[in-house]
Amino acid sequence: MTPATIRDVAKQAGVSVATVSRVLNKSYSVREGTSQKVLAVIEDLDYSPSPTARRLSIGRTHTVGVIIPFLTLPSFVERLRGVESALAVSEYDLVLFSADTPEKVDHYFNDLSRRDRADGVIIISLHPDETYVARFRKSAMPAVLLDAQHPDISSIVVDDVAGGYKATQHLIELGHTRIAYLSDYLDNPFKFVAMRHRFQGYHQALEEASISYRPEYQKQGELGGREAVAIAKQMLVEPDRPTAIFAASDIHAVGVLKAAQELNIRVPQDLSVIGFDGIRDSEHLDITTVCQPLFDSGVVSVNTLLSAINEPSDVPEKIVLPTKLIVRGTTVPPSG
C-alpha cells in the first residue's frame, strides 16, 4: 500500500497543503476546529511526515556538518570523538565529510556554505580562504574552526608556538644542545599551520638558549608513521647525529622510536625523543609528549557552534586551550 502524502491529507480534510503544514508545525494561526479535523485525517490515513521535509519547513535541518581531512589519524579521531559525544546529547545529527584531497576540500567548502545542507559547520584542521569565508558570512552559515584560525570565524585552537617552545625547552633543560625537529611538510596543500607554529616555538627556544639552529637537524616529509621512520633514519645515520629529537606529533615520535630500534640506537640512553598531541600510543609506549586536549576541543567546538546557531552574533569567538608537558621514559640528559 502506498503511504499517504501531505496532499492526500489536505484533499481529504478539505484544506490546503500549507494548512496541513501549519498544523504539523503547531502553528497558532490555524483555527482549533480546522486543526482537529486535519489531525483526525492524519490519524485515519496513518500519515507520517518526511523528517527531512519537516525540518526544511521550519528552516532547520537539525544536522551539523563536519569537514575533516583525515579519518584514520589518531589525533583527528580523538577530536571527532569529542564532537560526536557532544552532539549525541543534542537534537542535532552529525554528517561527516572526509576531505582527503584539496579538490574535496574546495567542494565541501562550497557545498556547505548553503543553509539547506546543514544548520552549522565544524571545520577541523583546514583553513578556508577568503572566498569561502565570504560565502559563509553571506549565507549566515554558522561555522567553527577547530585546530585552525581565521579572524572572521570562531575558532578553537591550542597555542602551538608555546607548545613547541615547551617541548624544546624541556630538552634544553635536560642538557641537550643537538636537538632536531621532525615533522610533516611545513607548507602543505591542506594549509595546516600547526607544524609550522611548533617549529616556530622550537626555533624560539633554541635562540633564547643561544643554541645555533642547524638546518640539517630539521627534516620534513609526508604525514604518517612509515614516512617518519624514513625521515628519522636520514638524521640518525649522520656522523654528528642529534642527541634529541622533537617530533611534531606522536605519530612522528613513534616513527623515530622505530627508526632508532632498527639502527640499534638506544632510547633514551643514546637518543631522547619527545612528541606532541598526547594520543593513546604515546602513553602505551611511554613517550614524553606535549599533550593537547583533543577530545575536549571537539566538545568545545560543538558547544560554540550550537551557541552560534541559537544566538547568532557577528563577533567571532577565539578559544585557546592549554597544553601540558607529560614527562615519561623517552627523555633523559644526554649521555656523557
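Rule-based calculations on the coordinates, nothing more; no lab input. This one's a predicted model, so the numbers in the text were calculated from it and none came from an experiment. Reconstructed Cβ throughout: ideal geometry from the backbone, glycine too, with neighbour counts over all protein chains shown.
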Quick one: helix 160-173 against the long Cα principal axis of the chain, what's the angle to the nearest 10°, folded into 0 to 90? 20
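Counting only other residues whose beta carbon sits under 12 Å from that of HIS197, what net charge do I get with K and R as +1, D and E as -1?
For residues surrounding HIS197, the net value is -1.
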Between HIS284 and VAL320, take the C-beta separation as r, use R0 = 25 Å, and let me know the FRET efficiency to the nearest 0.05. 0.30
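Treat every Asp and Glu Cβ in the chain as -1 and every Lys and Arg Cβ as +1, leave all other atoms uncharged, and give the resulting dipole magnitude about the Cα centre to the nearest 20 debye. Don't jump to the answer; show the numbers that get you there.
Values: 34 positive and 42 negative charges, 161 e Å.
The dipole magnitude comes to about 780 debye.
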Relative to a virtual label point 7 Å from the Cα of VAL327 in the Cα→beta-carbon direction, which members of the stretch 145-187 show backbone nitrogen distances below 15 Å? 166-176
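Quick one: compute the contact order of the stretch 160-293, relative version, from alpha carbon pairs under 8 angstrom and 6+ residues apart, as a percent.
Details: 243 pairs, mean separation 33.6, N = 134.
Relative contact order of the stretch 160-293: 25 percent.
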Within the stretch 219-244, which residues have the backbone N less than 18 Å from the label spot 7 Å out from ASP270 along Cα→beta-carbon, could you tell me? 229-244
Roughly what angle does helix 102-111 make with the longest principal axis of the chain, taking Cα atoms, 0 to 90 degrees, to the nearest 10? 30
How do MET195, MET141 line up, fewest other C-beta atoms within 10 Å first? MET141, MET195
Charge dipole of the stretch 121-210 about the Cα centre (unit charges at C-beta), most positive-ward option of ILE123, MET195, PHE136: PHE136
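If N is the number of residues in the chain, what value comes out of its Cα radius of gyration divided by 2.2 N^0.38 Å?
Working: Rg = 26.4 Å, N = 336, 2.2 N^0.38 = 20.1 Å.
Rg over 2.2 N^0.38 Å, computed on Cα atoms: 1.32.
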Mind jotting down the distance between the C-alpha centroids of the stretch 271-336 and the stretch 129-159, whole Å? 21
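Find the all-direction average of the projected area of the Cα convex hull for the stretch 191-336, expressing the result in square nanometres with one decimal place.
Values: hull surface 43.1 nm².
Average of the hull's projected areas for the stretch 191-336 equals 10.8 nm².
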Among the lysines, which fall within straight-line cross-link reach of LYS233, defined as a Cα-Cα distance under 16 Å, with same-chain neighbours fewer than 8 residues apart omitted? LYS219, LYS258
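So what is the calculated 222 nm ellipticity per residue for the chain, using -39500 (n - 2.57) for each DSSP H run with n of 4 or more, over all residues, to the nearest 500 deg cm²/dmol? Kindly include the intermediate steps, with their values, before the conclusion.
Details: 13 runs with 147 residues, N = 336.
That calculation yields -13500 deg cm²/dmol at 222 nm.
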Tally Lys and Arg at +1 and Asp and Glu at -1 over the other residues with C-beta under 15 Å from the C-beta of ILE265: what net charge comes out? +1
Hey, quick one: spin label on VAL89, modelled 7 Å out along Cα-Cβ, who in the stretch 293-309 has an amide N within reach, i.e. under 17 Å? 295-307
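Past 30 Å, Cα to Cα, is the threshold; run LYS138/LYS324; LYS138/LYS166; LYS104/LYS318 against it and keep the listed order. Numbers along the way, then the final one.
Numbers: LYS138/LYS324 39 Å; LYS138/LYS166 40 Å; LYS104/LYS318 26 Å.
Beyond 30 Å: LYS138/LYS324; LYS138/LYS166.
Defining a contact as two alpha carbons under 8 Å apart and six or more residues distant in sequence, what relative contact order in percent does the chain show? Let's see the in-between values first.
Working: 621 pairs, mean separation 57.3, N = 336.
Reported relative contact order: 17 percent.
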Packing-based exposure ordering (other Cβ within 10 Å, fewest first) of SER35, SER313: SER313, SER35
For GLU130 and GLU311 in one chain, what is 0.36 nm times their gap in residues minus the Cα-Cα distance, to one decimal in nm? 62.7 nm
Using alpha-carbon positions, what is the distance between the centroids of the stretch 83-101 and the stretch 197-250, in Å? 35
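Could you line up ILE122, ILE172, ILE68, ILE156 from fewest to most neighbouring Cβ atoms inside 10 Å? Each step should come with its number before you reach the end.
Numbers: ILE122 26, ILE172 17, ILE68 23, ILE156 29.
Least to most surrounded, the residues fall as ILE172, ILE68, ILE122, ILE156.
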Report the full-extension gain for the segment ASP44 to GLU222: residue separation times 0.36 nm, less the Cα-Cα distance, to one decimal in nm. 57.9 nm
